[in-house]
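These notes are about the structure you will find just below.
The values are calculated or read from the model by the stated rules, or taken from the named source; none is laboratory data. Since the structure is predicted, the reported quantities are computational estimates derived from the model, not experimental observations. Positions of Cβ are generated from backbone atoms using ideal geometry, with glycine treated the same way; all protein chains shown enter the neighbour counts. For accessibility, only protein heavy atoms count, side chains too; no ligands or nucleic acids. Shrake-Rupley method; radii C 1.70, N 1.55, O 1.52, S 1.80 Å.
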Amino acid sequence: MKVLFVCLGNICRSPTAHGVMLRKLKEAGLDWVEVDSAGTAAYHVGHAPDERAQQVARQYGYDLSGLRARQATEDDFFEFDHIFAMDNANYQNLQAIKPADSKAQLSMALAYSDLSIDEVPDPYYGGSDGFTQVLNICEQLCDDIIEQLIRSRS
């Protein structure tokens with residue numbers, strides 16, 4: 001099973017979800033699930049996650065330092081089983097590049113959660129509080145996705 005988290009530049013929301021998911025999968029002993037992240041835009045390809053995202057992640061015990069931004073491609077729709085868009089705009093961007101015969105299930109990330117919001121907010125133009133909010137959302141989101149992955153496998 002392979003899952004991909006996607007936001008716009010792949011330096012805030014999706015690498016946060018990626019890092020959170022990596023640790024939660026390890027803690028749950030789910031070595032059969034692989035995770036990656038990407039952006040729909042090429043603004044930051046090759047860059048590490050935003051320093052504010054890394055700082056907040058470190059405060060919560062997550063390590064994003066080894067992650068590097070990349071752009072989502074059509075090939076991702078054949079490599080991954082689930083592609084989770086962090087917001088509606090990126091969902092639409094992904095729909096535009098999704099091949100008709102793709103195997104991946106494309107969905108809004110928060111469709112798998114009981115949180116009362118539809119989108120993971122973009123913290124890029126705000127302060128550190130936004131990055132903390134995104135991390136908290138990603139923790140709940142990843143727990144909910146893992147629960148559903150486990151249920152679907154049994």
Which condition does Asp76 not pass, out of (1) among the charged types (D, E, K, R); (2) farther than 16 Å from Asp144 by Cα; (3) surrounded by fewer than 13 Cβ atoms within 10 Å (Cβ to Cβ), if it passes all the others? (3)
Long-range neighbours under 6 Å by Cβ, at least six apart or interchain, first residue of a type in the set (Ser, Thr, Tyr) within the range 121-144, second surrounded by 14 or more Cβ atoms within 10 Å (Cβ to Cβ) and in a helix (DSSP H, G or I): Ser128/Arg52; Thr132/Val56
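Can you name every residue in the range 22-32 that is more than 14 Å from the chain's Cα centre (by Cα) and in contact (Cβ under 8 Å) with a residue 12 or more places away in the chain? First the steps, then the outcome.
Going residue by residue through the range 22-32, those that are more than 14 Å from the chain's Cα centre (by Cα) are 26-32.
Residues satisfying the conditions are Ala28, Leu30, Trp32.
Report yes if Gln54 is polar (S, T, N, Q), more than 19 Å from Tyr124 (Cα to Cα) and at pLDDT 95 or above, otherwise no.
Values: polar (S, T, N, Q): yes; more than 19 Å from Tyr124 (Cα to Cα): no; at pLDDT 95 or above: yes.
So Gln54 fails the test.
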Residue count, the range 128-145, condition in contact with a Leu (Cβ under 7 Å, 6 or more places away or on another chain) and buried (at least 17 other Cβ atoms within 10 Å of the Cβ), comes to 2
So, in the range 118-154, exactly how many residues are more than 16 Å from Phe5 (Cβ to Cβ) and β-branched (Val, Ile, Thr)? 2
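Yes/no matrix, rows are residues, columns are (1) small (Gly, Ala, Ser); (2) touching a strand residue (DSSP E or B) at 6+ places or on another chain (Cβ under 9 Å); (3) in contact (Cβ under 8 Å) with a residue 60 or more places away in the chain:
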residue	(1), (2), (3)
Arg13	no, yes, yes
Asp36	no, yes, no
Asp63	no, no, no
Glu74	no, no, no
Glu79	no, yes, yes
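Would you confirm whether or not the range 8-21 contains a residue that is touching a Ser or Thr at 6+ places or on another chain (Cβ under 8 Å), polar (S, T, N, Q) and open to solvent by 60 Å² or more (accessible area, probe 1.4 Å)?
At the first step, the residues of the range 8-21 found to be touching a Ser or Thr at 6+ places or on another chain (Cβ under 8 Å) are 8, 10, 14-15, 17-18.
Keeping just the survivors that are polar (S, T, N, Q) gives 10, 14.
Subset that is open to solvent by 60 Å² or more (accessible area, probe 1.4 Å): none.
No, the range 8-21 contains no residue that is touching a Ser or Thr at 6+ places or on another chain (Cβ under 8 Å), polar (S, T, N, Q) and open to solvent by 60 Å² or more (accessible area, probe 1.4 Å).
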Name the residue that is modelled with the highest pLDDT, counting only residues in the range 92-127 that are surrounded by 14 or more Cβ atoms within 10 Å (Cβ to Cβ) and among the aromatic types (Phe, Trp, Tyr). Tyr124
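I'd like to know if the range 50-58 contains one or more residues that are out of contact with any strand residue (DSSP E or B) (no Cβ under 6 Å at 6 or more places or on another chain), within 27 Å of Arg151 (Cα to Cα) and open to solvent by 60 Å² or more (accessible area, probe 1.4 Å).
Looking only at the range 50-58, we keep the residues that are out of contact with any strand residue (DSSP E or B) (no Cβ under 6 Å at 6 or more places or on another chain), and these are 50-58.
Those left that are additionally within 27 Å of Arg151 (Cα to Cα): none.
Among the residues of the range 50-58, not one is out of contact with any strand residue (DSSP E or B) (no Cβ under 6 Å at 6 or more places or on another chain), within 27 Å of Arg151 (Cα to Cα) and open to solvent by 60 Å² or more (accessible area, probe 1.4 Å), which makes the answer no.
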